[in-house]
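Reviewing the structure listed below.
The values are calculated or read from the model by the stated rules, or taken from the named source; none is laboratory data. The structure displayed is predicted, hence computed values, not measured ones. Cβ placement follows ideal geometry from the backbone for every residue including glycine, while neighbour counts extend to all protein chains displayed.
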Amino acid sequence: MTQNHKISLIMIVKNEESHLAACLESAKDCVDEIVIVDTGSADATLTIARSYTDRIYFYPWNEDFSAARNFALDRADGDWILSLDADEELVFPGGDPGEALHNLAARDERVEAYLLPLENSTSAYEINRFHVLRFFRHHARYRYIGKIHEQITVSAPGVTGISTAPVISHKLLSGRDRNRKRGRNLLILQNSLRQEPDNYFLHYYLGVEWLMLAQPQRALPFLQGAYEHLSDDHLLFRAPAFRYLILALQALGRLDEGICLCQEAARRYPEFTDVFYLGGILLEEKQYYVPAAAWFTAALECGEPPALFSHLKGAGSFLARYHLGHCQTLVGQESDALRSYEQALRDNPRYHYPIYALVQLLIKADGAASALSQLLERKLLLIAHPESGRINPALPLAAADCFFVSGHPDLALLCLVEGFPHPSQPESSPEATSVAPGPEVLFCQARYTLFSGNVRSGLESLEALDTNNPYAAQIRIYRTIAHLLLGQFPPAKAQTSALWRDPATRPQAYLLHLILQLMEKGFAGQDTLFNLPGAKIRGVDLWPLCLNLLNEAGCFLPVPAETTLISRYVRSLEHLAGNLTPGGYPKLRQFYRHKAETIKNGCETRFGKVESR
């Protein structure tokens with residue numbers, strides 16, 4: 001390791017046992033010392049810290065993050081400082097972490113600080129990228145300021161550099177942890193604002209906290225103030241203030257104001273990808289699909305924006321393509337939409353939502369069998385992520401769900417067979433790595449087998465599944481249905497009893513018990529079955545549950561030997577649907593009219609209207 005520049009990692013921590021080890025593991029090979037300041041942990045944080053460093057200090061918490069950071073700074077011996085939080089990790093795209101920061105420190109002797117990219121995950125698919133000053137020379141003139149969201153300020157021109165690596169990955173916390181931290185942050189920010197009412201950095205942070213707490217009406221004035229008063233000299237804050245301001249206006253339904261702001265920002269910042277993406281979103285919500293498509297196309301042309309602009313990853317690629325495809329679909333450009341959806345999947349196979357729209361368009365254009373053939377021919381269920389090389393299991397699962405709800409459980413099953421190839425089958429590419437079927441896949445395979453007409457094989461598959469997995473309740477429900485369809489009433493009773501023992505599945509258990517009674521004993525003399533006040537169990541209305549089963553029953557592809565029992569099962573559901581709620585039979589007729597209208601509209605869309613004579 002290069003020793004020309006000694007690098008110190010400094011951290012302040014409190015009760016971070018669930019994150020700290022991953023953070024330190026990611027950074028230990030690229031720093032020379034680790035300095036940890038604890039502000040009052042009551043868990044295993046210190047035990048974990050001691051396994052990485054003996055430079056551990058204690059600081060009494062006084063609601064001042066800068067004071068704690070500066071305390072850590074004073075105990076560091078390095079020439080350069082790296083600052084991380086416990087819920088962050090360093091990621092080194094395509095490189096060895098060992099020399100990364102040392103090479104960066106030695107790159108340019110004029111540079112005294114570097115902005116590093118920080119990726120903040122707010123959901124499984126939404127990753128916001130900012131640049132933050134976290135790597136700087138250890139010098140007395142660099143001290144943290146601000147009681148919260150503390151910063152190092154570098155005022156001299158030309159001494160701040162921008163690096164693309166390493167990336168600081170901020171981990172997605174649980175909702176409880178996020179809200180706890182936001183509540184703490186709000187108190188400190190509000191106290192600070194009382195002392196500095198014209199500090200628009202505080203306005204920005206307060207706006208973000210309120211917006212993340214789903215309070216856009218409280219966030220809006222703070223974000224408006226930050227965007228209006230922060231100049232381009234503070235683009236690292238003004239750019240995200242714009243993004244959050246648009247999101248607040250969208251949440252409040254003030255779309256026209258947001259569109260006007262986007263138009264102004266597009267003229268001022270033509271390279272800021274997110275302006276065009278957000279403008280497209282607002283226009284799409286207004287149902288102005290043609291101009292929305294133009295804005296999404298502009299976002300795609302921008303691609304990745306310059307580093308000083310905060311950026312929602314995908315705003316210039318897969319997210320813009322997905323929304324572009326949606327707009328193209330709604331204006332009748334279905335061939336273009338198919339290309340947009342497919343490219344969105346290839347841009348980011350982890351973002352599986354385009355597969356739903358793509359499958360529906362393919363079914364509409366050429367029928368279900370042809371749609372599946374095209375998916376398999378283009379290997380759209382087996383797209384490997386360019387970085388990990390792994391296939392996203394959500395792709396075949398989503399495609400299978402589309403085929404199932406369109407009445408093709410046999411094709412849904414084929415999606416899973418092809419999407420999770422046996423080890424003896426070739427992969428989609430030499431670099432691709434398939435994923436072993438997990439509990440959800442195995443459950444869906446058994447369910448689709450049941451609905452494909454092979455009830456006995458479906459039951460065998462369901463019985464082979466471990467009922468201690470996350471899908472235990474659904475497994476028991478479909479085991480019961482399989483027994484009913486095979487006329488095996490005693491084991492069906494045993495399954496309903498098992499469901500009844502679980503308070504969470506008692507409504508389903510009672511409904512299946514009613515179906516069992518009707519199938520076993522017929523409809524005559526069964527009026528007493530419906531003497532249930534409001535037809536509810538544990539506050540759950542049975543009628544919608546019955547209707548869901550009836551809707552799903554339309555997906556059965558029965559084999560001739562089992563047609564009679566399937567018909568009896570469906571008639572039992574219809575009888576229940578007509579009796580479990582006031583006006584049940586008129587509602588049932590309305591349900592069937594809606595299904596018939598949907599089928600008619602689908603046929604007319606595909607084949608054209610048939611003129612009546």
Right, Leu395: within 20 Å of Val441 (Cβ to Cβ) and assigned to a loop (DSSP other than H, G, I, E, B) or not? no
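Okay, residues lined up against (1) under 17 Å from Leu512 (Cα atoms); (2) without any contact (Cβ under 8 Å) to a residue 60 or more places away in the chain:
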{"site": "Ala446", "(1), (2)": "no, yes"}
{"site": "Thr467", "(1), (2)": "no, yes"}
{"site": "Pro470", "(1), (2)": "no, yes"}
{"site": "Ile475", "(1), (2)": "yes, yes"}
{"site": "Ile481", "(1), (2)": "yes, no"}
{"site": "Gly487", "(1), (2)": "yes, no"}
Starting from the stretch 125-141, keep only residues that are at pLDDT 95 or above and part of a loop (DSSP other than H, G, I, E, B), then list their pairs with residues that are buried (at least 17 other Cβ atoms within 10 Å of the Cβ) and of a type in the set (S, T, N, Q) whose Cβ atoms are within a distance under 9 Å, requiring at least 6 positions of separation or different chains. His138/Ser8
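Tally the residues that are in contact with a helix residue (DSSP H, G or I) (Cβ under 6 Å, 6 or more places away or on another chain) and crowded, with 16+ Cβ neighbours inside 10 Å, restricting the search to the stretch 60-83.
1
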Does Ala294 satisfy being in a helix (DSSP H, G or I), of a type in the set (A, V, I, L, M, F, W, C), in contact (Cβ under 8 Å) with a residue 60 or more places away in the chain and surrounded by 15 or more Cβ atoms within 10 Å (Cβ to Cβ)? no
Residue hits (the stretch 105-124; surrounded by 16 or more Cβ atoms within 10 Å (Cβ to Cβ), aliphatic (A, V, I, L, M) and in a loop (DSSP other than H, G, I, E, B)) are Val111
Flag if Ala44 is more than 24 Å from Ile152 (Cα to Cα) and surrounded by fewer than 16 Cβ atoms within 10 Å (Cβ to Cβ): yes
So is Glu257 touching a Cys at 6+ places or on another chain (Cβ under 9 Å), in a helix (DSSP H, G or I), over 23 Å from Ala307 (Cβ atoms) and at pLDDT 95 or above or not? no
Exactly one of Arg350, Arg346 is surrounded by fewer than 20 Cβ atoms within 10 Å (Cβ to Cβ), part of a helix (DSSP H, G or I) and at pLDDT below 95, and that residue is Arg346
Quick one: which of Ser317, Ser335 is in contact with a Gly (Cβ under 9 Å, 6 or more places away or on another chain), of a type in the set (S, T, N, Q), over 9 Å from Thr273 (Cα atoms) and at pLDDT 95 or above? Ser317
Restricting the stretch 447-478 to residues that are more than 17 Å from Gln495 (Cα to Cα) and touching a Ser or Thr at 6+ places or on another chain (Cβ under 7 Å), the residue that is surrounded by the fewest Cβ atoms within 10 Å (Cβ to Cβ): Ser457
Given the conditions (1) over 30 Å from Leu283 (Cα atoms); (2) among the acidic types (Asp, Glu); (3) at pLDDT 90 or above, which single one is not true for Glu387? (3)
Quickly run through the stretch 49-59 and pick out the residues that are surrounded by 16 or more Cβ atoms within 10 Å (Cβ to Cβ) and of a type in the set (Gly, Ala, Ser). Ala49
